[in-house]
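The values are calculated or read from the model by the stated rules, or taken from the named source; none is laboratory data. Given the structure is predicted, the values throughout are model-derived calculations rather than measurements. Every residue, glycine among them, receives a Cβ derived from its backbone with ideal geometry; neighbour counts consider all protein chains shown.
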Amino acid sequence: MYSEDYQLQICGNNFARGSVDCAVTSAVSAESTNQGTLTITVPVVIPPAPCPCVVAALPTDQGPTVTGPINIVGAPHEAVPVQPPEPKLVIVGASLEGNTQPKEWLGFAASRTLVLKVKNTGSAAALDVTLAASIGSTPAALPALPGLSPGQVRTYRIAVTFPAFSVGSTELSGHVGVAGSSTVPFHVSISQHPWAWLIIFLVILQLMLLAIRNLARRRVARNSVDSSDDPGPSSDGAAIEDTAQHPVLT
């Protein structure tokens with residue numbers, strides 16, 4: 001066993017509709033012992049719904065609600081209508097399985113497996129479990145799901161394809177339910193980054209820069225060769241001119 005936080009409320013209607021039957025403003029909080037017991041004083045008030053009344057201990061985390069009868073003098077009494085048994089689905093867990101494939105680096109569609117763990121906490125079987133979901137604004141094609149008996153927990157595994165050329169976080173959101181009853185939502189997401197196109201772009205850019213550098217080097221080398229082939233002033237002419245200006249005496 002382990003300790004758990006509870007909120008205690010005085011409730012009418014035998015807590016048939018949940019907290020809507022309870023005096024929420026007079027609720028008190030308490031922590032149970034490791035043995036699952038607790039002791040606390042609860043102010044007795046007339047709840048918003050007529051009795052039969054109970055003290056309801058609602059866990060702040062996941063867990064069952066514990067109720068105990070209480071007699072409140074002066075509180076109105078009415079017969080609690082018999083509720084027909086009905087299913088109630090709770091999503092225990094939702095996740096995506098699957099690793100990034102090499103094709104996804106090029107922006108191709110991503111394939112994953114949606115793993116939904118669902119529990120039927122109701123008193124009737126969930127015969128037709130409905131699943132609806134969408135990726136962004138695009139509906140996702142998902143199959144019908146097998147039913148659940150009361151108290152049964154079932155893990156559903158559904159193949160999902162995320163669209164190609166998506167960048168960043170892509171969310172799959174939806175809800176699970178039974179026809180004629182409320183649904184429960186879920187949200188899962190993956191991160192898509194087609195890094196291969198960035199690598200290809202960088203490689204092409206590097207090749208272009210190398211080509212420009214090599215072209216510049218060839219031009220510099222060609223200019224150097226042209227400069228070395230251009231003849232300068234004749235040294236013989238200078239010598240003749242110098243001799244003419246300074247005759248040699250014999």
- Message: Which count do you get for residues in the range 66-76 that are surrounded by fewer than 16 Cβ atoms within 10 Å (Cβ to Cβ) and assigned to a loop (DSSP other than H, G, I, E, B)?
- Response: 4
- Task: Output the number of residues of the range 1-57 satisfying the condition of being at pLDDT 90 or above, surrounded by fewer than 16 Cβ atoms within 10 Å (Cβ to Cβ) and assigned to a strand (DSSP E or B).
- Result: 2
- Item | the range 76-108, residues that are among the small types (Gly, Ala, Ser) and modelled with pLDDT under 75 | Gly107
- Task: Could you run through the range 125-180 and say how many residues are at pLDDT 85 or above and in a loop (DSSP other than H, G, I, E, B)?
- Result: 7
- Task: Identify all residues within the range 195-250 that are at pLDDT 70 or above and under 30 Å from Ala164 (Cα atoms); write none if there are none.
- Result: Leu198, Ile199, Ile200, Phe201, Leu202, Val203, Ile204, Leu205, Gln206, Leu207, Met208
